[in-house]
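As structure tokens, the structure follows; a few thoughts come after it.
Read-outs throughout are calculated quantities, based only on the coordinates presented, and are distinct from any laboratory measurement. Please read all numbers here as calculations on a predicted model, not as lab measurements. All Cβ positions, even for glycine, are placed from backbone atoms using ideal geometry, and neighbour counts span all protein chains on display.
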Amino acid sequence: MEKKYQLALDAMQNAYAVYSGFRVGACLVLKNGEYIIGANVENASYGLCNCAERSALFAAYSKGYRKDDIIELVVATDTVTPSSPCGACRQVICELMNQEALVTLINPKLINTYSIKVSELLPYQFTGDCLNDENKL
Ligand code: THU
């Protein structure tokens, strides 16, 4: 199995999913050959749960990496149809990854694997440009 898939599946086992029981793992593939993983981390105050995708992206940015360093985000779930990132993660992904970068969805059997570009994952994006003074009426 490719390393990026194995790491995303390993990260899924690190999930702190004591409320939902739904484990998600993520693995970012960087241009320099490094991999950065994340898992979902839940909290009794449900709204404070952090998804695996954001855990991985925030870890990468915390290490100083930026969008141009990231080639791909692999997301692993223990489901027949691999789960796609939630709306909140799509918003974060569209700002912290390049539009051409890939998001790949997998499960432990590597069936129904699916890859999609960031630009396709979230059309009609709300971005920093929307906040520009030149955009104001
Ligand atoms: N979850 C993720 O980690 N990524 C997603 O894109 C969807 C949802 C997590 C959040 C929560 O811990 C659990 O899955 C159930 O929603």
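So, of the residues in segment 80-92 that are more than 23 Å from Tyr61 (Cα to Cα) and surrounded by 14 or more Cβ atoms within 10 Å (Cβ to Cβ), which turns out to be farthest from the ligand (Cβ to nearest atom)?
Step by step, filter segment 80-92, then rank; the result is Pro82.
Taking segment 1-26, which residues are among the small types (Gly, Ala, Ser) and either in contact with a helix residue (DSSP H, G or I) (Cβ under 6 Å, 6 or more places away or on another chain) or near the ligand (Cβ under 9 Å from one of its atoms) (or both)?
Ala15, Ala17, Ser20, Gly21, Gly25, Ala26
Working only within segment 93-137, note down all residues that are part of a loop (DSSP other than H, G, I, E, B), of a type in the set (S, T, N, Q) and surrounded by fewer than 19 Cβ atoms within 10 Å (Cβ to Cβ).
Asn98, Gln99, Asn112, Thr113, Gln125, Thr127, Asn132
Which of the residues that make up segment 28-53 are in a helix (DSSP H, G or I) and either near the ligand (Cβ under 8 Å from one of its atoms) or over 14 Å from Cys89 (Cα atoms) (or both)?
Those that are in a helix (DSSP H, G or I) and either near the ligand (Cβ under 8 Å from one of its atoms) or over 14 Å from Cys89 (Cα atoms) (or both): Tyr46, Ala52, Glu53.
Among the residues of segment 1-55, which ones are acidic (Asp, Glu) and surrounded by fewer than 21 Cβ atoms within 10 Å (Cβ to Cβ)?
Listed by number, the residues that qualify are Glu2, Asp10, Glu34, Glu42.
Any idea which residue in segment 98-117 is nearest to Met12 (Cα to Cα), counting only those that are touching a helix residue (DSSP H, G or I) at 6+ places or on another chain (Cβ under 6 Å) and within 14 Å of the ligand (Cβ to nearest atom)?
Looking at the filtered set, the residue picked out is Ile106.
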